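Here the structure is laid out as structure tokens; the discussion comes afterwards.
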Amino acid sequence: MQIKSARSRVLTVVVSACAVAIAATVPGSGGAIASSRAADIESKVNALLAKMTVDEKLSQLQQMVGNGQDVQDAARAGKVGAVFGVTDAAQVNQIQRLAVENSRLHIPILFGYDTIHGFRTTFPIGLAEGASFDPSVGATDFTVGARESAAVGIKQIFSPMVDVSHEPRWGRIAEGSGEDPYLGAAMAAAKVHAGQGHDYGAPDKVLTEVKHFAAYGGAEGGRDYNQVDIPESTLRNLYLPPYKAAIGAGADAVMTSFNTVAGVPATANHHLLTDILHKEWGFNGLVDTDYTAVQELIPHGVAADGADAARVSLNAGVDMEMVSTNIATYGKQLLAEHKISMSRVNDAVRDVLRVKYKAGIFEHPYADEAAVPGKTMQPADVAAARAAAARTMVLLKNDKGALPLSTSLSKIAVVGPIADSDDLLGPWSGIGQRSDVVTVADGIRNAVPNADVTVTPGCTITGDGFDTPVNNCPEPTKPGFADVKDAASAADVSVVVVGEASGQSGEASSRQNIDLPGQQQALIDAVKSTGKPFVVVLVNGRPLTIPGADAASPAILEAWFGGIQTGNAVADVLFGKVNPGGKLPVTFPRYVGQLPLYYNHTRTGRPEDPNSKWTSKYADGSSSPLYPFGYGLTYTSFKLSNLSLGGSTMRPNGSLTASVTLTNTGTRAGDDVVQLYINDPVASLAQPVKRLVGFQRVTLAAGASQTVRFKLNRDSVGFYGNDGKFVVEPGQINVYAGDSSDAGLTSSFTVGK
Ligand code: NOJ
């Protein structure tokens, strides 16, 4: 990944438009450990394998959860290869001691965990990090998360989550980087590099397990765990690039997904796990399953029973079974029946042992319990979480400079059910503590200590979405939000904080209706009815359908679930200490009935035409988004000009530079994200109307200009066909530059033969 840090001070930057190409050329071998060390590890793996009984081998393929008696007994007996979900160093050590000191071969356990956007120091959710359009934000998160996880003995993290999704109904869109494969690939590579480093045996690094392989984000209807029915070209052009980039960056483990892909569950999918992952991409790391995914092959209808499920998953390329126990239970029987081979079992065991050696746990099986506090929630990390959160925020609307707010306001009403809520960590928030969270009201108090800050929720949120369903703002606390109106009337300005509870997005939290939950639109309308100034802050884990809020509100700041420092970061942006520069990593539709709605769709033979009934549109409303992919405002203004190409033709294997000038035409310093898109107007397969091939977040002083250069190559213009082959077809390529997917500057060149 050659995208330069946005903090670069150079005036001209060249952005590689080939994240995916780089991934294609670097085999997934766990990063750059020296070949002598790799050879040494391989010989240790083989020597250990030679000593193992069949039972011991099959036991290494079992991953268990928690620290219950079952796990302790298995550890002592050498009947488990990996354990996840234990987050306390003393408990990790206690289980590890059972395995290392009591089991016959003293093989250490690999401890894993869902460190998705932080372990204890919770960073913004993945979707928010996508909105930064700055891979260094993901890298900072993973640097901190890896250190905090490794400190307690967790050497495997089930992340990055890199599922591209066009489905805002799908709750897990919160975890990935949004709807674009190029952006997703850039974020994925940065996270892997940072979390795993070049050697995850290092004390502050961990094995990264990229997930969920593959195409989990394509869940039909946005319903979690649902089928994904896509052609090979869509699989490869849309969904696979971030996984490939992660593996190219060295990710040494992959988690299989729950879904089917064209009828074949990913966990039983030889095409995905062996043909593509191993043979095409050269991956030789660990293939782990998702939670009970082997067992679920039975209800999927591709396995008759547990033995059959073990057979199809192992033969497809699975190495390790999470939680369910079919491979360990039926492996011997399947060997005797010649339904699985000893060589496949040996390969799977090698994959497990290899990552254990690379993780350094044979040499250092135990966590240094005394060192944990010094590696956790360090002030610099908390400050980094605050900066990251501010960098992910997207200014969706700002009429007449409603924002930033003046720091000399004397009375501020913070209203709405999330005004003073500590539920800002978001889904899959590790061991993040609500007590560490700075609420929006707290952040505002910190920013303007002399102001009188009142908090009026107006309605409540109950339930956590896990044990109890979330009920978000079902009704006003007073009839007609009288308390909210009183607070707004008495204040100079109201900050209305609305959105989702964390349990409304994330796993198993798909929604049919993605409006502001409950009565929150009425709450905004109540504030508006006072005639006093107000701004809206959104907290959510997915695009919401908010045409009402957009119409009613002078300003809207998308803050997402920003982690422990959300409140301070919101205040940094509201009061102009930080000029917002994030951009939407996913399209915001107007109505749920427009879904799926995404910028990189292919053409139809009848593109929408307002003057013709017989075109691709809805009879009852627009098919345009409320806010498009790549969109976001700032407190300054920018102009893009002079899109020029370094030639009129590119050889199929050559490259071409596109350059464009960005000027800050406003009165304060700020960030813009320069985005480069292409379109191939005539191809053997209908192509996206636009396709992101480069981006660069640039900081410019007022009045300053910068030329941004993007390098285009075969990966920018080629695509995969339904035969699985990558082609670069000769002909015209249109180029678009802009600061959203509505990019207006255009040019074109020709790809030669
Ligand atoms: C199920 C989830 O799908 C996956 O993302 C997670 O890593 C595992 N559970 C383990 O917690």
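The values are calculated or read from the model by the stated rules, or taken from the named source; none is laboratory data. All of these numbers come straight from a predicted model, not from anything done at the bench. Glycine gets a Cβ as well: all are built from the backbone with ideal geometry, and neighbour counts include every protein chain shown. These accessible areas exclude ligands, DNA and RNA; they are computed on the full protein's heavy atoms, side chains included. Shrake-Rupley method; radii C 1.70, N 1.55, O 1.52, S 1.80 Å.
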>> For region 343-382, give me each residue that is in a helix (DSSP H, G or I), crowded, with 21+ Cβ neighbours inside 10 Å and among the hydrophobic types (A, V, I, L, M, F, W, C).
In response: 345, 348, 349, 352, 353, 355
> Restricting the search to region 362-401, which residues are under 28 Å from the mean Cα position of the chain (by Cα) and farther than 25 Å from residue 435 by Cα?
Replying inline: 394, 395, 396, 397, 398
> Which of the residues belonging to region 300-311 are open to solvent by 30 Å² or more (accessible area, probe 1.4 Å) and more than 16 Å from the ligand (Cβ to nearest atom)?
Replying inline: 301, 302, 304, 305, 308, 311
>> If I go through region 629-645 residue by residue, how many of them are assigned to a loop (DSSP other than H, G, I, E, B) and crowded, with 19+ Cβ neighbours inside 10 Å?
In response: 7
>> For region 131-143, give me each residue that is polar (S, T, N, Q) and open to solvent by 10 Å² or more (accessible area, probe 1.4 Å).
In response: 136, 140, 143
> For region 418-459, which residues satisfy the criterion of being more than 16 Å from the ligand (Cβ to nearest atom), small (Gly, Ala, Ser) and under 23 Å from residue 474 (Cβ atoms)?
Replying inline: 419, 421, 441, 458
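A quick yes/no check of all residues on (1) more than 18 Å from residue 322 (Cβ to Cβ); (2) without any contact (Cβ under 8 Å) to a residue 60 or more places away in the chain; (3) surrounded by fewer than 24 Cβ atoms within 10 Å (Cβ to Cβ); (4) hydroxyl-bearing (Ser, Thr, Tyr):
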site: 117; (1), (2), (3), (4): yes, no, no, no
site: 120; (1), (2), (3), (4): yes, no, no, no
site: 126; (1), (2), (3), (4): yes, no, no, no
site: 129; (1), (2), (3), (4): yes, no, no, no
site: 145; (1), (2), (3), (4): yes, no, no, no
site: 156; (1), (2), (3), (4): no, no, no, no
site: 163; (1), (2), (3), (4): no, no, no, no
site: 169; (1), (2), (3), (4): yes, no, yes, no
>> Considering only region 140-152, I want to know if a residue exists there that is within 16 Å of the ligand (Cβ to nearest atom), at pLDDT 95 or above and closer than 30 Å to residue 601 by Cβ.
In response: no
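Each row is one residue, and each column tells you yes or no for (1) crowded, with 24+ Cβ neighbours inside 10 Å; (2) among the β-branched types (Val, Ile, Thr); (3) within 16 Å of the ligand (Cβ to nearest atom).
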{"residue": "209", "(1), (2), (3)": "yes, no, yes"}
{"residue": "217", "(1), (2), (3)": "yes, no, yes"}
{"residue": "223", "(1), (2), (3)": "no, no, yes"}
{"residue": "232", "(1), (2), (3)": "no, no, no"}
{"residue": "235", "(1), (2), (3)": "no, no, no"}
{"residue": "240", "(1), (2), (3)": "yes, no, no"}
{"residue": "251", "(1), (2), (3)": "yes, no, yes"}
{"residue": "263", "(1), (2), (3)": "no, no, no"}
{"residue": "268", "(1), (2), (3)": "yes, no, no"}
> Of the residues that sit in region 42-76 and are within 30 Å of residue 116 (Cβ to Cβ) and of a type in the set (Val, Ile, Thr), which one is nearest to the ligand (Cβ to nearest atom)?
Replying inline: 65
>> Could you tell me how many of the residues in region 434-468 are assigned to a loop (DSSP other than H, G, I, E, B), in contact (Cβ under 8 Å) with a residue 24 or more places away in the chain and open to solvent by 70 Å² or more (accessible area, probe 1.4 Å)?
In response: 3
>> Whether any residue in region 270-283 is within 16 Å of the ligand (Cβ to nearest atom), open to solvent by less than 30 Å² (accessible area, probe 1.4 Å) and either in contact with a strand residue (DSSP E or B) (Cβ under 7 Å, 6 or more places away or on another chain) or at negative phi (or both) is what I want to check.
In response: no
>> Take the residues in region 383-424 that are in a helix (DSSP H, G or I) and open to solvent by 30 Å² or more (accessible area, probe 1.4 Å); name whichever of them is farthest from residue 556 (Cα to Cα).
In response: 383
>> Among the listed residues 718, 666, 731, identify the single one that is surrounded by fewer than 15 Cβ atoms within 10 Å (Cβ to Cβ) and out of contact with any Lys or Arg (no Cβ under 8 Å at 6 or more places or on another chain).
In response: 731
> For region 646-663, which residues satisfy the criterion of being open to solvent by 70 Å² or more (accessible area, probe 1.4 Å) and assigned to a strand (DSSP E or B)?
Replying inline: 649
>> Give all pairs with beta carbons closer than 8 Å in which a residue from region 48-69 that is closer than 14 Å to residue 82 by Cβ and among the aliphatic types (A, V, I, L, M) meets a residue that is away from the ligand (no atom under 16 Å from the Cβ) and open to solvent by 20 Å² or more (accessible area, probe 1.4 Å); count only pairs at least 6 apart in sequence or on separate chains.
In response: 58/328; 58/332; 61/328; 64/70
>> For region 77-122, which positions are farther than 30 Å from residue 190 by Cα, hydrophobic (A, V, I, L, M, F, W, C) and either within 16 Å of the ligand (Cβ to nearest atom) or part of a helix (DSSP H, G or I) (or both)?
In response: 77, 80, 90, 95, 98, 99, 100
>> Return the residues of region 434-476 that are in contact with an Asp or Glu (Cβ under 6 Å, 6 or more places away or on another chain) and closer than 30 Å to residue 510 by Cβ; say none if nothing qualifies.
In response: 434, 437, 439
> Restricting attention to region 154-173, and to residues there that are out of contact with any strand residue (DSSP E or B) (no Cβ under 9 Å at 6 or more places or on another chain) and of a type in the set (Gly, Ala, Ser), which single residue is farthest from the ligand (Cβ to nearest atom)?
Replying inline: 165
